[in-house]
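Below is one structure, written out as structure tokens; the observations come after it.
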Amino acid sequence: MSEEPSRVPLGLAAGAAAAALLLTGCGGGEKATAADAAGAAPAGDLPQATTYTTLDGLPQDSSAPTGGPTTVVHPEKAVPVSAEPGGPAIAELPATQLKGPTWVPVVEDRPGWRRVLLPSRPNRVTGWIPDKGLRAARSTHVIKVDISDREMTLAESGRVEGTWTVAVGAPKTPTPTGRTFLLASLAPEKPTYSPLILPVGAHSATLDTFGGGPGTVAFHGWRDTSVFGRPVTHGCVRVPADALKRLAKVPLGSIVQIQT
């Protein structure tokens, strides 16, 4: 359990540049291509638990968020996702997401099973996966976003590493609240508004799609610093340059808590 969750190398992330433009609902309205959208298609009979899919019949995360270390797991190959331990498979959690490894946080344990947060709609959806064929690690990082104060805090091992004023969702396109997690790290080859985009496992509650993508919420930078402290985005969280550099070092699967 001493292993550290993956951080996506920028070389690999650059290969996912098209996905970066497709996914987020807060940027410059870049258009997706058919090749970009191909990742949305399920590989087999079961739907894939990715940011592109909606999964019905699975439990919602209702646990109180904690600031302590979190177990995160990475499936070495696709694993079945069930509504309860030992139940029939409703979906599959793939080994990779957005051209990087899938790391998801564990929110509950049962003998032989782990309930994990999933990156699909609806927000806060969870599922049970078998506790075998998984790499496990501990993340000591927690990212907290306070919508009312328009403030983001990064903590490690309970110690605050930094606090920044950020831009959040506008009233008609609010940033979704609840517990989610850092899903991927994407570095566009030709960045238009941010050198790095960090999608999370949550989606806009008011936009079904944006720019051709599924309305995935993300952390990213913004060139016009006057936006910080204002509710102006399509749901994403725009952060200052130094905050983005710190977030880039946070392991995938780490908890993100968004509150009003």
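Values in this text are rule-based calculations from the coordinates and carry no lab data. Every value quoted in this text rests on a predicted model; they were computed, and no experiment measured them. Please note: Cβ atoms are built from the backbone with ideal geometry, for glycine as well, and neighbour counts cover all protein chains shown.
Kindly identify the range 38-138 as rounded, prolate or oblate by the Cα gyration tensor criterion: order the square roots of the eigenvalues as a ≥ b ≥ c, call it rounded if a/c is under 1.5, otherwise compare a/b with b/c, prolate if a/b is larger, else oblate. Taking the square roots of the gyration eigenvalues as a ≥ b ≥ c, the range 38-138 is rounded. Length available on full extension from residue 242 to residue 224: 0.36 nm per residue minus the Cα-Cα distance, which gives 5.1 nm.
The charge dipole of the range 38-138, taken about its Cα centre with unit charges on the Cβ atoms of Lys, Arg (+1), Asp and Glu (-1) only, comes to about 300 debye.
Rounded to the nearest 0.05, the FRET efficiency derived from the C-beta distance between residue 163 and residue 54 at R0 = 35 Å is 0.50. Spin-label pair residue 172-residue 45: with each label point 7 Å from Cα along the Cα-Cβ axis, the two points sit 4.5 nm from one another.
Using Stokes-Einstein with the Kirkwood hydrodynamic radius over Cα pairs, what translational diffusion coefficient do you get for the range 94-183 at 37 °C and a viscosity of 0.692 mPa s, in µm²/s rounded to a whole number? Roughly 215 µm²/s, to the nearest whole number. Karplus-based coupling profile of the range 78-84, in residue order and whole Hz: 4, 10, x, 10, 10, 6, 8, with θ = phi - 60° in 6.51 cos²θ - 1.76 cosθ + 1.60 and x standing for Gly or Pro.
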